[in-house]
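K.L.:
Following this message is one structure expressed as structure tokens.
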Amino acid sequence: MTLSTTEIFNKICELTEPFNHKSVTINTETTFASDLELDSLAVMDMLASIEDHYDVTVPLNILPDLETVGQVAIAIKSILDE
Amino acid sequence: MHEPTPTLDPTLPRRFADFSTLLEALDYAAGGIRGLNFYSPRGELESSITYGQVRERAVEIGRRLVHFGIERYSRVALIAETNEDFVCYFLGCQYAGLLPVPLPLPTSFGGRDGYTEQLHLQMKSCEASVAISAAYMLPLLDESTSGLNMRFVGSPDTFEAQASLSDIKKVALPKVKSDDLAYLQYSSGSTRFPHGVAVTHKSLMSNCRGIGKHGVQLRENDRVVSWLPFYHDMGLVGMLLSPITCQVTSDYLATEAFARRPMQWLKLISKNRGTMCSSPTFGYEICSRRANPTDLKGLDLSSWRIAGIGADMIRPAVLDLFEQSFKDCGFNKKAFIPTYGLAECTLAVSFAPIDSGYQVDYVSDAVLSGDVKSFEKFKVNGDAGNYREVVNCGKLLPDFEMEIRDENDIALGEREIGRICLKGDSVMVGYYMDEEATNQCLSKDGWLDTGDIGYIAEESLYIIGRIKDLIIINGKNHWPQDIEWVVEKLPELRSGDSAAISIPGANKEETPAILVQCRKRDEVDRIDLENRIKSEVQAIIGTTPTVVLVPPRSLPRTSSGKLSRVKARRQYLEGQLF
């Protein structure tokens, strides 16, 4: 079954919730750094839970391009589609 | 299914880095059956290579580099992944008489421009002419090398294809001497104004001997299990080059894998009976935080005898929590070994005694919060009401001489706080191609002024502050001038308007703060400025800082007009800066 980017986005929002200490309303443009104020360790912690959920590994070289929750959803989608 | 290389090697008597070069050390290790093992993020053995195989591949790479016509002593930038390619290219450069320069990998989300700019500035500062990374990293490496004069930029595969020769064995390798430089280390220092520590073979051997023979006092059944990055001195020297020069088998987990699943480190220690597994304080902290009953089940940490701690300020509360979390898994707190070191001394300077755990001294807050720059002869107070725990970092390795000096460079006595100055074979010959920076910390007669503050009590070293103004977040060093530089780029701010400092967080950990002189009165404008400062700083250090807007001309200056961060920090913590 292929998941849509929206379904992945919704799941990521759910997985991000434990890290959302400021109770920010998350949309695709929400940034991990400025909006959610996550430090680099919390980001990796969250990434681990996303990776575990989808059983994928997000390669290091794309991390610098991921600033928003929406971008992570698109990245997971393309890894799943490969 | 292959097996990892063994811990024990009855065929090869141990030698403690008593070699003249790293090459001689590898030649010796290659005669045994030990080696290096690389594990996947989920803890499966991905590859295993004996020192004999490492040497064979490194010699071949060395010959290819010579054949390719890379001039002797050229700098070769290597994006330091935790894998065989990095190790073999690092050592291949040695055989070819070139200087490898390990460079960092991305560590978190976002910050693409900051990352490529950092690589660019590092390669530019040492005039690297070759840059090698795994194929998937090449788009980032290409961006970083743009505008630089490079002979080759690519992956190991493309290099080997381009530098091929049917009879590669005929290529002669240069003679490498003990005084030759072995590599450049960029792990400390400002990212905006980088300078690489130049490490000779002689320094490296001296330091590895100190670590193996005196620091950890290697035993036959010792085995390293590490997640530390190879681009950092503690990972490169402590976890890779010391094991090679002292013939120890090592198991590696990539740093990014540890950051996501820290328990894999402990599982690997348990599975392979690791004995020497060191980390900055924050590594122990994230293990305790992520420990859960499922992971703890079946975990056996009783083999672990050297839990070295270094690279950031050592916080006893974190070590206590780690012991509480893992003592039921056999972790013995006597394994904790606080250490002191810095890249300018290759790596290690002092080690606490083995098998005794960490010890603390109690230092009065009044002494610590004073303006230590003036170096008055404070006496450390043993029983003050308000005190801070300062960890004993142990005795100097035998190759060092040390003096604690005051502001007039006069050597101080027992329990007097001053600057830590060191001399010895492990001390760097200088920053590569940067005479000015070298002269600022290294005297003509070989004394290095570390800039760190501490004191000696009963022959043991106690560190009170790392390099005066350095801000260390999650084990990563940040230079205040780099943070101030991005803040002061904002249109309404000017140079000298900000001071980046670290302040204690909820668990006494260092957290970043930036004090900014603000001329605006309007509340909306002020909030807007604060938010932009937060996101600029976040982009380079990965953490959102506390932003404090202070009145114009309120940041303290020294008599020569330079910003005094020490004073700014004290005034802020005392609530005087509003």
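Just so it is clear, none of the values below were taken in a lab; they were calculated from the coordinates. This is a predicted model, so every value here is computed, not measured. Quick reminder, even Gly has a Cβ in these numbers, built from the backbone with ideal geometry, and neighbours come from all protein chains shown.
K.L.:
Considering only DSSP beta bridges with both partners in the stretch B:22-248, what is the antiparallel share in %, to the nearest 5?
P.N.:
Rounded to the nearest five, the antiparallel share is 45 percent.
K.L.:
Once amide H atoms are placed 1.01 Å from N in the peptide plane, what residues at a sequence separation of 5 or more from B:Gly430, or on another chain, have their amide H within under 5 Å of its amide H?
P.N.:
Here the answer is B:Ala198, since their amide H atoms fall under 5 Å of that of B:Gly430.
K.L.:
Here's something else I'd like to know. Only Cα pairs under 8 Å and at least 6 apart count here; give the relative contact order of chain B as a rounded whole percent.
P.N.:
11
K.L.:
Further, regarding this structure: What translational diffusion coefficient, to the nearest whole µm²/s, does the stretch B:87-129 have by Stokes-Einstein, given a Kirkwood radius computed over alpha-carbon pairs, a temperature of 20 °C and 1.002 mPa s viscosity?
P.N.:
180
K.L.:
Also, I was wondering about something else. Which whole-Hz ³J(HN,Hα) couplings does the stretch A:23-33 yield from phi under the Karplus relation 6.51 cos²θ - 1.76 cosθ + 1.60, θ = phi - 60°, glycine and proline marked x?
P.N.:
Using θ = phi - 60°, the values come out as 6, 6, 6, 8, 10, 5, 8, 4, 9, 5, 6 Hz.
K.L.:
While we're looking at this one, here's another question. Semi-axes, largest first, in whole Å: what does sqrt of 5 times each Cα gyration tensor eigenvalue give for chain B?
P.N.:
Output for chain B: semi-axes of 38, 29, 24 Å.
K.L.:
Another question about this same structure. Using modelled amide H (1.01 Å from N, peptide plane; none on Pro or chain starts), what sits under 5 Å from the amide H of B:Ala182, excluding residues fewer than 5 places away?
P.N.:
B:Val199, B:Thr200, B:His201
K.L.:
Counting only residues 5 or more places away or on other chains, whose amide H sits under 5 Å from the amide H of B:Ile464 once H atoms are built in the peptide plane?
P.N.:
B:Ile453, B:Gly454, B:Tyr455
K.L.:
Separate question: Average projected area of the Cα convex hull of the stretch A:5-81, in nm²?
P.N.:
4.5
K.L.:
Within the stretch B:471-573, what is the number of lysine pairs with alpha carbons under 25 Å apart, leaving out pairs fewer than eight places apart on the same chain?
P.N.:
15
K.L.:
Right, here's the next one. Just to be sure I understand the rule: take each whole DSSP H helix in chain B, project its Cα atoms onto its long axis, keep it if the span is 30 Å or more and its mean Kyte-Doolittle hydropathy is at least -0.5. Which ones pass?
P.N.:
Both cut-offs are met by no helix.
K.L.:
First measure r as the distance between the Cβ atoms of A:Val56 and B:Asn439, then evaluate 1/(1 + (r/R0)^6) with R0 = 45 Å and state the FRET efficiency to the nearest 0.05.
P.N.:
0.30
K.L.:
By its C-alpha gyration tensor, with a ≥ b ≥ c as the square roots of the eigenvalues, how is the protein assembly as shown shaped: rounded for a/c under 1.5, else prolate for a/b larger than b/c, else oblate?
P.N.:
Rounded.
K.L.:
Suppose R0 equals 60 Å; then what is the FRET efficiency for B:Gln217 and A:Ser4 from their Cβ-Cβ distance, rounded to the nearest 0.05?
P.N.:
0.50
K.L.:
To the nearest 20 debye, what charge dipole does the protein assembly as shown have about its Cα centre, counting +1 at the Cβ of each Lys and Arg and -1 at the Cβ of each Asp and Glu?
P.N.:
Computed charge dipole of the protein assembly as shown: roughly 980 debye.
K.L.:
Here is a follow-up. Return the calculated 222 nm mean residue ellipticity for chain B, to the nearest 500 deg cm²/dmol, obtained by summing -39500 (n - 2.57) across DSSP H runs with n ≥ 4 and dividing by the residue count.
P.N.:
-8500 deg cm²/dmol
K.L.:
If contacts are Cα pairs under 8 angstrom and at least 6 residues apart, what is the relative contact order of the stretch B:22-248 in percent?
P.N.:
The value is 22 percent.
K.L.:
If you don't mind, there's one more thing I want to ask. What fraction, in whole percent, of alpha-carbon pairs in the stretch B:426-578 exceed 28 Å separation?
P.N.:
29
K.L.:
Rounded to the nearest 20 debye, what is the charge dipole size of chain B about its Cα centre when +1 sits on each Lys and Arg Cβ and -1 on each Asp and Glu Cβ?
P.N.:
The dipole magnitude comes to about 340 debye.
K.L.:
Would you please classify the overall shape of the stretch B:22-248 from the alpha carbon gyration tensor, given that a ≥ b ≥ c denote the square roots of the eigenvalues, rounded means a/c under 1.5, and beyond that prolate means a/b larger than b/c while oblate covers the rest?
P.N.:
Since a/c stays below 1.5, the shape of the stretch B:22-248 is classed as rounded.
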